[in-house]
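One structure follows; several queries about it will come next.
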Amino acid sequence: MDNIWIVSVTVFLLCTVIFLYRKRLSLMLKSKYRSKLPLGTLGWPFIGETIEFVSCAYSDRPESFMDKRRSMYGKVFKSHIFGSPTIVSTDADVNKFILQSDAKVFVPSYPKSLTQLMGESSILLINGSLQRRIHGLIGAFFKSQQLKAQITRDMQKYVQESMASWKEDCPIYIQDETKKIAFHVLVKALISLDPGEEMDLLKKHFQEFISGLMSLPINLPGTKLYQSLQAKKKMVKLVRRIILAKRNSGICRVPKDVVDVLLNDASEKLTDDLIADNIIDMMIPGEDSVPVLMTLATKYLSECPAALQQLTEENMKLKKLQDQVGESLCWSDYLSLPFTQTVITETLRMGNIIIGVMRKALRDVEIKGNFIPQGWCVFANFRSVHLDEKNYECPYQFNPWRWQDKDMSSCNFSPFGGGQRLCPGLDLARLEASIFLHHFVTQFRWHAEADAIVNFPTVRMKRRMPVMVRRVES
């Protein structure tokens with residue numbers, strides 16, 4: 001009887017809490033701005049539509065969450081994800097406004113576990129003059145010919161070392177290989193660390209750190225978030241040791257890496273802790289975004305023989321020219337290959353490596369008749385724009401030729417975000433992918449394994465894409 005009574009009281013209290021929560025939310029919406037809000041639903045109490053959003057994100061059709069609601073409510077709709085009432089936009093013009101707005105209108109907003117891991121001083125979270133200063137310093141360095149030349153040398157070296165070990169009778173897991181290459185290249189550009197014991201230790205800690213980015217926000221021993229935070233502390237300690245060594249030996253006036261760039265700045269706000277935290281955050285593309293780009297390019301080329309043939313012919317011409325001249329290729333040689341660039345652009349459109357960005361409104365905002373209340377989050381979804389048949393003919397078809405006469409500056413194409421927070425490494429991502437594809441298609445012919453035809457989320461989760469390779473005779 002006691003157990004039945006306890007269960008009954010618990011159920012009653014839970015129902016009461018849910019009822020009061022929904023009533024309070026309903027009254028708030030009705031009294032303030034219910035008639036102005038876009039159509040949509042806030043889902044279940046507390047959890048909203050988060051479970052369906054996340055499950056769709058890791059399915060074969062990640063855009064199904066957006067497509068279903070867009071067909072019911074329009075391109076902009078309200079929802080409730082990651083603990084916050086959210087306006088979701090799949091409209092290119094609305095997304096452009098959000099991306100180009102300054103910190104007086106929108107500020108970054110991310111799930112709590114991600115915020116805890118990144119820290120308050122992360123370039124992804126800070127606003128105002130400090131964010132613009134750090135972004136400007138890093139962006140200028142990433143665009144410098146000096147760094148592009150270094151990236152090209154390092155990328156060529158690590159790609160050749162990796163491909164030299166590939167065997168024709170063993171499957172090659174493209175994403176695993178590209179992760180090793182891209183991480184080494186990026187860490188060298190960030191802190192001038194070469195492969196070795198310290199690099200291996202850093203990569204081990206980094207993989208522990210990145211595994212908790214989308215974990216439950218529970219920081220207790222044994223939880224994923226706790227383990228990730230402990231791993232980050234170890235990485236920060238290593239980076240701080242490198243920073244201290246640079247200070248003691250004298251800061252290099254001609255920067256060799258990002259740490260040098262930030263140490264050369266006179267701002268007192270750029271503390272060693274802030275620099276170390278941001279160096280760790282900037283390692284994420286080397287473990288995630290750039291390898292996924294190269295893996296998906298391989299996947300799409302495997303499915304499109306005509307594109308693969310044209311890409312191969314273009315790169316073989318460059319290789320023959322290099323052999324005749326007898327000099328190593330420079331970064332501008334790779335980026336001058338027009339069809340290779342269209343392949344990368346189409347991979348970015350279809351793969352949607354950055355699915356979208358989240359912001360929080362600091363004041364009431366109205367965009368194209370869509371009302372976003374102060375304090376609400378807004379999710380600018382890029383994937384739905386990139387796969388909208390009104391923006392691209394046959395959007396699910398890999399068609400690099402569509403970019404030969406298309407304007408990439410259109411707001412319908414935003415693979416690296418935009419505005420003041422445009423990814424500073426976008427040119428380097430293209431360069432690394434160009435170098436990898438050049439060496440891959442000029443040295444090998446391949447066919448994908450039966451389970452290799454995977455989509456974007458499967459690539460991220462399972463690190464697949466095995467191919468069987470055959471070396472091309474010189």
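How would Ser192, Ser71, Ser129 rank on accessible area, largest to smallest, probe 1.4 Å?
If we order Ser192, Ser71, Ser129 from most to least accessible, we get Ser71, Ser129, Ser192.
Order the following by accessible area, largest value first: Arg421, Arg253. Probe radius 1.4 Å; ligands, DNA and RNA are ignored.
From most accessible down to least: Arg253, Arg421.
I would also like to ask the following. Could you work out the Rg to Rh ratio of the chain, with Rh taken as the Kirkwood radius (inverse of the mean 1/r over all Cα pairs)?
Using Cα coordinates only, the ratio equals 0.99.
May I ask which of Lys143/Lys203; Lys78/Lys406; Lys68/Lys390; Lys299/Lys390 have a Cα-Cα span longer than 21 Å here?
With Cα atoms farther than 21 Å apart: Lys143/Lys203; Lys78/Lys406; Lys299/Lys390.
Another question about this same structure. Dividing the Cα convex hull volume of region 167-236 by residue count, how many Å³ per residue is that?
127
Could you pull out the GluC sites (Glu not before Pro) across region 245-329 that fall in loop regions by DSSP (anything but H, G, I, E, B) with no more than 11 other Cβ atoms inside 10 Å?
The qualifying sites are Glu268, Glu327.
Once every DSSP H run of n ≥ 4 in the chain is given -39500 (n - 2.57) and the sum is divided by its residues, what mean residue ellipticity at 222 nm do you get, rounded to the nearest 500 deg cm²/dmol?
Estimated from H runs of four or more residues: -17500 deg cm²/dmol.
Give the accessible area for Leu321 in Å² (nearest 10); use a 1.4 Å probe, count only protein heavy atoms, and leave out ligands, DNA and RNA.
Its accessible surface works out to 100 Å², give or take rounding.
The values are calculated or read from the model by the stated rules, or taken from the named source; none is laboratory data. Computed from a prediction, not measured in an experiment: that's the story for all the values here. FYI the Cβ positions are ideal-geometry reconstructions off the backbone, even for glycines, and counts take in every protein chain you see. Side chains included, ligands, DNA and RNA excluded: accessible areas come from the protein's heavy atoms. Shrake-Rupley method; radii C 1.70, N 1.55, O 1.52, S 1.80 Å.
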